[in-house]
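The next block holds one structure in the form of structure tokens; read it before the comments.
The values are calculated or read from the model by the stated rules, or taken from the named source; none is laboratory data. Here the structure is a predicted model, which means the values were calculated and not measured. In this analysis, Cβ positions are derived from the backbone assuming ideal geometry, glycine residues included, and neighbour counts consider all displayed protein chains.
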Amino acid sequence: MKSSNMERNKSEKIPDMDFCRTEYGMYAPEVTSMAQIKQSDADSLAGVGVHVRGHERSGTMILRNTYTLCAQSESKGLELLPIAAALKKYEWLGDKYYFKAVPAELDEATKRCAGQKEPHGYFIRVQKGARVTLPCQAAFYMASENITQMVHNVVILEDDSELQLITGCVTQHDIKSGLHTAVEEQYIGKNARLTSTMVHGWGSDVVVYPRAGTIVEAGGRYESNYISLRPAGQIISNPQTWLNGKGASAKYLTIILGSPGSTIDIGGDVYLNADGATAELAHRGVCTGGKMHQKGMLIGNASCKAHVDCAGMLLNEGKGGFIESIPGIKAHHPDARLSHEASIGKIAPEQVEYLQSRGMEEREAISMLIRGFLGSDIEGLGTELDARIAEIAELAGHGEG
Amino acid sequence: MKKNTNSLEIRELCVQVDGKEILRNLNLAIPEGEVHALLGLNGSGKTSLMMVIMGFARYKVTSGQIFFEGKDITGLDITERAKLGIGIAEQRPPTIQGVKLKHILYYIVDKKFQQSDEFALMVKAAAMEKFLDRDINEGLSGGEIKRAELLQLLAMQPKFSMMDEPDSGVDLESLKLVGNLINMIFSRDSCRRINKKAGLMITHNGSILNYIQADKAHVMLEGQIGCSGNPHVILDTINKCGYEACARCMRRVAR
């Protein structure tokens, strides 16, 4: 990795994090195999797109609290291991990839992760030319109150390979607090394609600090869909993407539901370092309360094209909730074509009444409008993603967030 | 013989919009199975009357009552009125980002019907096949908006339908199609009065009346029904003498 390519946008400020509330490793695992997973656990996981049984998947990894229940590939060309095992198996992993896209010294979250005796998380490798047709799924599941999950995931797509990855992060329905930090490093080889869909469904006081870095080589494509279904107490995330090869591309879609008491700060910096690189960043937020920050920064270092778009809908007034949208662009190259837009609005009463005149109840009308707002301009959403959006629209429409 | 009851009846209705009085002591009765035309100058209160019958919040009833099939609906909200069987095709409906015409139609009709030939024919009758996947009213021409609105009414099958200037901004070819849709909505081809739907149609220039037989016409002037009668006789007078003649006539009556 050339160090010049890994430069970070200097204006990034890491917000204060709260590490004092939980202890790591206090709990002995009470569930140690897939067979022991209760139906209620399976239901929670299914809610974020991870299916314990009956669904066709190319591989499954489940971390329950701090215990890895399984990490198994079912598909040729796909390797899925617990990260600790992979580090033992492959020396090159530590030399070339581990803490290379996300520096161990980045901040308190990464330092703590690096300091663990044995890291949790997954290692995924798709071999050169392998096109894994079925999605691979991973779950980070918090089933006890007040635990800490510190995970470290590495995904390597070798040249010309393809993978769809579904990651579900969820707390058991009655769990309120916990701390989840994650280091996510993704390496996308030449002409390789990674589609990552992450669905979060956290308890109301859970604190979540993902630190992600993705490097895309020539002709490679990274697509990220991030959906936060139930707002956590605090989510602070600013994924970094380096488009280092000619024609590399990245597409981010972030859909967030904010509610009273939550602080959500989601950014996304994309460095367009090679000619023909393209990027699209789209943030969609529905706020029924709490603080919501939508950010995004495009840095054009070559002849490239990129667009960032933040759109927010603020549903309730007078509860101290707000949406702040800051899309940013920065060009270092005369042929960088960068653009941004941001808008915040409310639900127009005449639109609600129009739908009511077709027989809808007011709530149904509001849900349909929110769903339209969240899903507009996005072609080809999968049925699962579409179902998640419908769920958010339903929750927000009922003011329950 | 069945008693001829009113589908819609309005008694002494006064309505304000943004604090300004728009309708003044308006009275109107539309019997079951009858379609009435509402004529009048721009700004005379035609659209306001339709919007207040549907129950839009901006149109505030300060006094008077609205009855639908004998039931006082003055205090009901839009949804309740729609569920009772009142429908509207607006002249300038809102554009909604991300909400497609098919989303609304699929809400109105059940899954089985969505897949039926009858549904496909309905969409075809409105020439809206290409618009099902488009955001509602986004970038549509005047005629396309009318057809989208009428298609929704056709799907809803209201007992009482209102249409705001279905003939304005529509070329001659489309007017025939629009006329056909309206006849379908009102079931005008039925021989039995009981099967026919009732409704109110606003028309500024009366051109839609070449396609639909209205039972009666009303002329609105300054927030009141000034004159009612045979649609063709009234339209003839207006075409010859203009609405100014109606105003003069009304002033004479008032004196």
For B:GLY87, indicate whether it is modelled with pLDDT of 95 or more, facing another protein chain (nearest Cβ under 10 Å) and crowded, with 18+ Cβ neighbours inside 10 Å. yes
For A:ILE235, only one of the following conditions fails: (1) farther than 20 Å from A:ILE329 by Cα; (2) assigned to a loop (DSSP other than H, G, I, E, B); (3) without any contact (Cβ under 8 Å) to a residue 40 or more places away in the chain. What is its number? (2)
Given (1) within 26 Å of B:ASN230 (Cα to Cα); (2) of a type outside the set (D, E, K, R); (3) within 19 Å of the chain's Cα centre (by Cα), identify the lone condition not met by B:THR74. (1)
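How about segment B:116-145: which of its residues are in a helix (DSSP H, G or I) and surrounded by fewer than 16 Cβ atoms within 10 Å (Cβ to Cβ)? Before the answer, list the steps.
Let us first name the residues in segment B:116-145 that are in a helix (DSSP H, G or I), namely B:117-125, B:129-131, B:142-145.
Across segment B:116-145, the qualifying residues are B:ASP117, B:GLU118, B:ALA120, B:LEU121, B:LYS124, B:GLU129, B:LYS130, B:GLY142.
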Breaking point among (1) under 30 Å from B:GLU12 (Cα atoms); (2) assigned to a loop (DSSP other than H, G, I, E, B); (3) more than 14 Å from chain A (Cβ to nearest Cβ), for B:ARG92: (3)
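So if I check each of A:ILE264, A:ILE326, which one is under 19 Å from A:GLY203 (Cα atoms) and not hydroxyl-bearing (Ser, Thr, Tyr)? Working first, answer last.
On the way: A:ILE326 fails: under 19 Å from A:GLY203 (Cα atoms).
None of the others qualify; the one that does is A:ILE264.
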Name the one entry in A:ALA282, A:ALA274 that is surrounded by fewer than 24 Cβ atoms within 10 Å (Cβ to Cβ) and at pLDDT below 95. A:ALA282
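Every residue, every condition in (1) at negative phi; (2) under 20 Å from the mean Cα position of the chain (by Cα); (3) buried (at least 17 other Cβ atoms within 10 Å of the Cβ), yes or no:
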residue: A:ILE299; (1), (2), (3): yes, no, yes
residue: A:ALA302; (1), (2), (3): yes, no, yes
residue: A:ASP309; (1), (2), (3): yes, yes, yes
residue: A:MET313; (1), (2), (3): yes, no, yes
residue: A:ILE323; (1), (2), (3): yes, yes, yes
residue: A:LYS330; (1), (2), (3): yes, no, no
residue: A:PRO334; (1), (2), (3): yes, no, no
residue: A:LEU338; (1), (2), (3): yes, no, yes
residue: A:GLU341; (1), (2), (3): yes, no, no
Could you tell me whether B:ILE182 is touching a Lys or Arg at 6+ places or on another chain (Cβ under 7 Å) and part of a helix (DSSP H, G or I)? no
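Filter segment A:314-358 down to residues that are charged (D, E, K, R) and in a loop (DSSP other than H, G, I, E, B) and give me whichever is farthest from A:PHE373 (Cα to Cα).
A:ASP335
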The strands (runs of 3 or more DSSP E) lying entirely within segment B:7-68 that contain at least 2 residues which are surrounded by fewer than 21 Cβ atoms within 10 Å (Cβ to Cβ) are B:20-31, B:59-68
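Residues are listed down the side, and each one gets a yes or a no for (1) touching a Leu at 6+ places or on another chain (Cβ under 6 Å); (2) modelled with pLDDT of 90 or more; (3) closer than 25 Å to A:ALA130 by Cβ; (4) in the same structural domain as A:LYS291 (by TED's automatic domain parsing):
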{"position": "A:GLN39", "(1), (2), (3), (4)": "no, no, no, yes"}
{"position": "A:LEU69", "(1), (2), (3), (4)": "no, no, no, yes"}
{"position": "A:LEU78", "(1), (2), (3), (4)": "no, yes, yes, yes"}
{"position": "A:GLU91", "(1), (2), (3), (4)": "no, yes, yes, yes"}
{"position": "A:TYR97", "(1), (2), (3), (4)": "no, yes, yes, yes"}
{"position": "A:THR110", "(1), (2), (3), (4)": "no, yes, no, yes"}
{"position": "A:GLU118", "(1), (2), (3), (4)": "no, no, no, yes"}
Scanning segment B:95-104 residue by residue, those at the interface with chain A (Cβ under 9 Å from one of its Cβ atoms) and buried (at least 18 other Cβ atoms within 10 Å of the Cβ) turn out to be B:ILE96, B:GLY98, B:VAL99, B:LYS100, B:HIS103, B:ILE104
Given the conditions (1) facing chain A (nearest Cβ under 10 Å); (2) polar (S, T, N, Q); (3) touching a residue at least 12 places away in the same chain (Cβ under 8 Å), which single one is not true for B:THR79? (3)
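Would you check if A:ASP269 is among the acidic types (Asp, Glu), within 30 Å of A:GLY201 (Cβ to Cβ) and in contact with a Gly (Cβ under 9 Å, 6 or more places away or on another chain)?
Numbers: among the acidic types (Asp, Glu): yes; within 30 Å of A:GLY201 (Cβ to Cβ): yes; in contact with a Gly (Cβ under 9 Å, 6 or more places away or on another chain): yes.
So A:ASP269 passes the test.
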Which numbered condition A:ILE370 misses (of (1) part of a strand (DSSP E or B); (2) aliphatic (A, V, I, L, M); (3) not assigned by TED's automatic domain parsing to the domain that holds A:ALA232): (1)
By residue number, the members of segment B:36-59 that are touching a residue at least 40 places away in the same chain (Cβ under 8 Å) and within 14 Å of chain A (Cβ to nearest Cβ) are B:THR47, B:MET50, B:ILE53, B:MET54, B:ARG58, B:TYR59
Of the residues A:ALA248, A:ALA192, A:ALA212, A:ALA274, which is under 28 Å from A:ASP95 (Cβ atoms), of a type outside the set (Asp, Glu) and in contact with a Lys or Arg (Cβ under 7 Å, 6 or more places away or on another chain)? A:ALA274
